[in-house]
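The structure under discussion appears below in the form of structure tokens.
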Amino acid sequence: MTPVDSAASVNDSSGALVVGIDSGGSGLRIALAEAAGGTVLGTRSSREPVRTGPGGISARHFLDQVLPAVRALTEHHGPRPITAAAVGAAGMATLGEELRAELPSAFAEAWGVRRLALAADAVTAYAGALGQRPGSVVAGGTGMIALGTDLTSWRRADGWGHLLGDCGSGAWIGGAGLEAAMRAHDGRRGGSTALLARAEKLFGPASGLPGVLYPRTDRPAVLASFAPEVGRCASGDPVAAEILARAARHIAEAAEAACPAGPGALVALTGGLFKMGDPLLVPLRAALGELVPHARTAAPAGDPLAGAVALAAALATGTLRLPEDPALLRVFEEGAPKATSSAQVGGGASTSAETGNRIPDASQGGHRGAEGA
């Protein structure tokens, strides 16, 4: 694509375009949108995840997919300048060195872009769900993470993987359900014959379950595939109902840790885990009301791709309010990092706050790819 000189339109977004990109373990999604208002004009997608190598996420493989897709999108919308872009990528904090080094100059050369945001996909999930309002977003699927902001700094809670956390996630619920099934198999207290029957229907005889589960490299996703069975048993099985009540408490505790204090904060729930419906949502609403009484729950407005578009549009119009952070959200202007003091991730969390694996749809037992936990 021939670069378009966007210097005259940096402060005037009328007629200009932006690009939003969502990159995860299931592939890439790319949107072309109006800079003023963020109206999406067209999208492209690829089912091929961006490869990783010694330098982390491969910038070349990323660009080989993104540049042709944007070229195809812009061919339908005339010679209009692209003034900003935003990328949300799984692994951005720990694996994004190549992207941070190469994308600013590559986008400037290809499109004339001078403003770029590179974000962990937890941030684009937040922006898609709540926009630029204070609050916290809980993303639940195979893993579970909460991310919150008061628009000054970020707070992250959990998202540490199924061995160290992800409490209340699909993997956690499925694992607790399978433990209850094995207790029933042994005749120990706390067992559930209903869950045992469902486990044997899915995985075979209970005595063989360790051999089915332990060698799997996708063990969290296998555990999460049993979470819907716990949900289906909950109405008639007190053990299953108690598992979901404990999961709801864990999720609410993460939301509490990430949510800013003070009135006006919002809490949104995103991800396939919450498709489980009332067996999980009823105790979760009760736990949120107890632990985060100052916050109002809100339905997520959009997904991570919508969040990437929103970030790009905010950059183009000079209205970005979400805080910058070395691990979570980096802004580049004229090919260099924006010279601002970085926000700190609060609540004792590491500044490398990202979820590592994209939250898959636990209700489908699948593994969408990489964010989180």
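So here's what we get for this one:
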item: Some residue of the stretch 187-207 being crowded, with 16+ Cβ neighbours inside 10 Å and within 27 Å of residue 133 (Cα to Cα); result: no
item: Residues (under 15 Å from the mean Cα position of the chain (by Cα) and on the phi < 0 side of the Ramachandran plot) located in the stretch 150-180; result: 154, 155, 156, 157, 160, 169, 170
item: Residue pairs meeting the criteria (Cβ under 9 Å; at least 6 apart or on separate chains; first without any contact (Cβ under 8 Å) to a residue 40 or more places away in the chain, in the stretch 302-326; second of a type in the set (D, E, K, R)); result: 324/330; 324/338
item: Contacts under 8 angstrom Cβ, first residue in the stretch 277-295 being among the charged types (D, E, K, R), partner open to solvent by less than 70 Å² (accessible area, probe 1.4 Å), 6 or more apart; result: 290/252
item: Scope the stretch 82-122; condition open to solvent by less than 30 Å² (accessible area, probe 1.4 Å), in contact with a helix residue (DSSP H, G or I) (Cβ under 6 Å, 6 or more places away or on another chain) and not hydrophobic (A, V, I, L, M, F, W, C); matching residues; result: 83, 88, 121
item: Extreme residue, farthest from residue 225 (Cα to Cα), among residues of the stretch 144-173 that are hydroxyl-bearing (Ser, Thr, Tyr) and open to solvent by less than 10 Å² (accessible area, probe 1.4 Å); result: 149
item: Considering residues of the stretch 298-346 that are at pLDDT 90 or above and among the hydroxyl-bearing types (Ser, Thr, Tyr) only, the residue nearest to residue 16 (Cα to Cα); result: 317
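The values are calculated or read from the model by the stated rules, or taken from the named source; none is laboratory data. Predicted, not measured: the structure shown is a model, and the values here were computed from it. As a convention, Cβ positions derive from the backbone with ideal geometry for all residues, glycine included, and neighbour counts pool all protein chains shown. We work out accessible area using only protein heavy atoms, side chains counted, and drop any ligands, DNA or RNA first. Shrake-Rupley method; radii C 1.70, N 1.55, O 1.52, S 1.80 Å.
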